[in-house]
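Undergrad: First, the structure itself, so that you have it in front of you.
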Amino acid sequence: MPRLHLFEFEDQSWCPSVLRRGMTDYLAEVTARTNPYAPVIEPLRALLLRYPGSTVVDLCSGGGGPWPQLVPQLQAGGAFTRLVLTDAFPNPDALARFAASAPVTYRQAPLTATAAPAEPFSVRTLFSSFHHFAPADARQILASAVAAKTPIAIFEATERSPKAIAAMAVVPVAVWALTPLIRPLRWWRLLFTYLVPLIPLLAWWDGTVSCLRTYSPDELRTLTADATLAGFEWQAGQLRAPGAPLPVTYLIGVPRGVAPGTD
């Protein structure tokens, strides 16, 4: 199945913020309840232990993604120091999903993944977001990490397959079912879910397009074969939890023999 870089409503600057937040809040809620990123705990813990004391800078954070579940697990293993969430369209309400004591902040200023600044002693992550970028921009994200000598870990819970696309048919029903459980409960969330059901429809469209946009492990390896990325060691593949319907595709890059934030 060829990769199709169709548009997602969430990406568009003209998309009303309440609709975008409705979609990203739904994604955070369904992620919390289905735990699709359970298989990434061990490779992510191993990466952070390799760079102790590093701050995790998460790009394209949206509603927080899987981080409310990942943070306590990584803390328990001694592999976590601090998390900074960032997004082109920040959603500070996402902090309510974390424990009050969690060392997590949400950058208030918009930040695109292609313009992430170099931060000493940091590790970059992207969850369910790398597919938003066409190959040229995706390569720029990787090149930025290489230039900053900053390790980067990318994880995608979608897959470009008939099974994954068919699974998106349940998204509108899932949005209707989970919306009353999302906090804070906003009037616009109820309006655009039940009376004018734009959030369920847009979430279905964006979910389907996300599958069609998702890079395969071989395509990720092709991206990292660029000569400008040769200063990193790259590993791409898939992880699958027992009984999970879909795998998690990953790409992890680390500097060759260089600690983060050093020359």
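Undergrad: Just to verify a result, which residue in segment 74-98, among those that are under 17 Å from Arg50 (Cα atoms) and in a helix (DSSP H, G or I), is farthest from the chain's Cα centre (by Cα)?
TA: This residue is Ala76.
Undergrad: Mind checking which pairs have a first residue in segment 106-130 that is more than 17 Å from Ala147 (Cα to Cα) and a second that is β-branched (Val, Ile, Thr) and in a loop (DSSP other than H, G, I, E, B), Cβ under 8 Å, 6 or more apart or different chains?
TA: Tyr106/Thr86; Arg107/Thr86; Leu111/Thr86; Ser128/Thr158
Undergrad: For Val56, which of the numbered conditions (1) touching a residue at least 60 places away in the same chain (Cβ under 8 Å); (2) under 19 Å from Ile182 (Cβ atoms); (3) of a type in the set (Val, Ile, Thr) fails to hold?
TA: Every listed condition holds for Val56 apart from (2).
Undergrad: Inside segment 1-29, can you point out the residues that are farther than 18 Å from Leu126 by Cβ and aliphatic (A, V, I, L, M)?
TA: Met1, Leu4, Leu6, Val18, Leu19
Undergrad: Hey, another quick one. Among the residues of segment 178-216, what is the count of those that are free of Cβ contacts under 8 Å to residues at least 40 places away in the same chain and within 26 Å of Pro39 (Cα to Cα)?
TA: The number of residues fulfilling the criteria is 1.
Undergrad: Residues that are of a type in the set (Asp, Glu): list the helices (runs of 4 or more DSSP H) wholly contained in segment 135-219 that include at least 1 such residues.
TA: Fully inside segment 135-219 and qualifying: 135-147, 198-213.
Undergrad: Here's a follow-up. Yes or no: segment 52-72 includes at least one residue that is in a loop (DSSP other than H, G, I, E, B), hydroxyl-bearing (Ser, Thr, Tyr) and surrounded by 22 or more Cβ atoms within 10 Å (Cβ to Cβ). Working first, answer last.
TA: Pass one, segment 52-72, residues in a loop (DSSP other than H, G, I, E, B): 52-54, 60-66.
Now narrow it down to the ones that are hydroxyl-bearing (Ser, Thr, Tyr): 54, 61.
The next check asks that each one be surrounded by 22 or more Cβ atoms within 10 Å (Cβ to Cβ); those that pass are 54, 61.
Checked segment 52-72: at least one residue is in a loop (DSSP other than H, G, I, E, B), hydroxyl-bearing (Ser, Thr, Tyr) and surrounded by 22 or more Cβ atoms within 10 Å (Cβ to Cβ).
Undergrad: Quick test for you: out of Thr81, Thr86, pick the one residue that is at pLDDT below 90, hydroxyl-bearing (Ser, Thr, Tyr) and on the phi < 0 side of the Ramachandran plot.
TA: Testing whether each residue is at pLDDT below 90, hydroxyl-bearing (Ser, Thr, Tyr) and on the phi < 0 side of the Ramachandran plot leaves just Thr81.
The values are calculated or read from the model by the stated rules, or taken from the named source; none is laboratory data. What you see is a predicted model; the values in this text were computed from it and never measured. Using ideal geometry, Cβ is built from the backbone for each residue, glycine included, and neighbour counts are taken over all protein chains shown.
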